[in-house]
């Protein structure tokens, strides 16, 4: 997935350097990526509409051949062939779209990695550094109910780092800290404890839920987004704990939208509260509108209970998540939902049931002309092969009877003897040759044994 994220990162970087504002760049990025996937959505819409169009015929086939699975499959394949429908056509665009959207996640979460000129290794190192700082600070607060500053009270400045490392090196009281530190080099450990010693109040800064949250610390890409808080909070007092090129990138980066700090966790205390609610409303509107058009285009469609639950659960989930993650993620959902809303209207206005029927008839006519020139389609050949195997081709019992008559010698009582393995093999081979010969004759081909 990271390979796919690289070109998307280039696109995002181009959008940012065009407008020099992350909020607007994210809008441009969303529109472009949605336009890229639009042809796939159109194809999916057409395929879905065609399936809805032939649904009454499918229902008739099910009623007629419901107890004969083989005949049911054969007639269904014939119907698809007649209307030039590929039943899997609606799945592939959806899969591709989901893959692209999934690849967008690291790009949206990683503005410093994919947009800035800071070294990727340094960005990753600083993200891990902040995660370690947060883990140690949160555990000290939970175990000792004290700040690092009060814990080191009376310790000289030159001994503060060593003393804190000694305190935290206790698997019984600080299991999470010991675990996360065990995977670090001595140099990385030294950097962490020196940061605590040098920057008073660093632990309180990172454990403030308005700056950093446990959800983001557990997220693969979360800490990187929150690095911008080192610039915007506490007048940049703690920015110096980061690598120099990362500091420079953060200072030069406009990580805002409409006056809102996108690295901030939404809160009811300020205007950021709007983002989760707007995201919720737009997602709900998009899903309701999609269901409306589906019911209008296919009146016989029944609303399943699981679909009704999803209709409300997904927007509610986005509302919940919107208050747990930085504004940047919520803003991306707003853009995506708004575009999805417009796209749903566009597709259903342009590709109405009548329009789809007209396109289906044209495609069917083209398919007929193509068959005249190039022969039957793969689906039609599959149908014929099934017919040959299930209808005109002798059954195994008939074939065995004929084979016995042809290859067996009779005793005095005119009772046929059992065929040998070689005779059975020859009989089956001739049966297969006969089927292939008839199939070749049907389509004007030549067949050589």
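The values are calculated or read from the model by the stated rules, or taken from the named source; none is laboratory data. Note that this is a predicted model, so its numbers are computed, not measured. Note: ideal-geometry Cβ built from the backbone for every residue, glycine included; neighbour counts use all protein chains shown.
On the stretch given as region 278-290, residues that are in contact with a helix residue (DSSP H, G or I) (Cβ under 7 Å, 6 or more places away or on another chain) and either at pLDDT below 80 or closer than 30 Å to residue 210 by Cα (or both) total 7.
Check whether at least one residue in region 50-60 is modelled with pLDDT of 75 or more and either outside any helix (DSSP H, G or I) or closer than 21 Å to residue 34 by Cα (or both), and report yes or no. Checking region 50-60: at least one residue is modelled with pLDDT of 75 or more and either outside any helix (DSSP H, G or I) or closer than 21 Å to residue 34 by Cα (or both).
Kindly indicate whether residue 268 is out of contact with any strand residue (DSSP E or B) (no Cβ under 7 Å at 6 or more places or on another chain) and free of Cβ contacts under 8 Å to residues at least 12 places away in the same chain. Taking the combined requirement at face value, the residue satisfies it.
The helices (runs of 4 or more DSSP H) found wholly in region 102-159 and carrying at least 2 residues that are over 26 Å from the mean Cα position of the chain (by Cα) and surrounded by 22 or more Cβ atoms within 10 Å (Cβ to Cβ) occupy 120-144.
So that you can scan it fast, the table gives a plain yes or no per residue for (1) under 27 Å from the mean Cα position of the chain (by Cα); (2) closer than 30 Å to residue 28 by Cα; (3) at pLDDT 85 or above:
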{"site": "300", "(1), (2), (3)": "no, no, no"}
{"site": "303", "(1), (2), (3)": "yes, no, no"}
{"site": "307", "(1), (2), (3)": "yes, no, no"}
{"site": "312", "(1), (2), (3)": "yes, yes, no"}
{"site": "331", "(1), (2), (3)": "yes, yes, yes"}
{"site": "337", "(1), (2), (3)": "yes, yes, yes"}
{"site": "341", "(1), (2), (3)": "yes, yes, yes"}
{"site": "355", "(1), (2), (3)": "no, no, no"}
{"site": "359", "(1), (2), (3)": "no, no, no"}
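Regarding residue 18, is this residue surrounded by fewer than 16 Cβ atoms within 10 Å (Cβ to Cβ), over 18 Å from the mean Cα position of the chain (by Cα), modelled with pLDDT of 75 or more and closer than 30 Å to residue 328 by Cα? When the stated conditions are applied, residue 18 passes them. Annotation: of all residues in region 218-235 being buried (at least 19 other Cβ atoms within 10 Å of the Cβ) and under 26 Å from the mean Cα position of the chain (by Cα), the one that is farthest from residue 25 (Cα to Cα) is 219. Taking first residues from region 279-305 that are under 16 Å from residue 51 (Cα atoms) and partners that are surrounded by 14 or more Cβ atoms within 10 Å (Cβ to Cβ) and modelled with pLDDT of 80 or more, the Cβ contacts under 6 Å between residues at least 6 apart in sequence or on separate chains come to 293/348. Scanning region 236-292 for residues that are part of a helix (DSSP H, G or I), surrounded by 19 or more Cβ atoms within 10 Å (Cβ to Cβ) and within 32 Å of the chain's Cα centre (by Cα) returns 246, 249, 250, 272, 275, 276, 279, 280, 282, 283, 286, 287.
Consider region 176-197 and keep the residues that are part of a helix (DSSP H, G or I) and without any contact (Cβ under 8 Å) to a residue 24 or more places away in the chain. The one that is surrounded by the most Cβ atoms within 10 Å (Cβ to Cβ) is 178. Scanning region 329-351 for residues that are in contact with a helix residue (DSSP H, G or I) (Cβ under 6 Å, 6 or more places away or on another chain), assigned to a helix (DSSP H, G or I) and farther than 16 Å from residue 283 by Cβ returns 347, 348.
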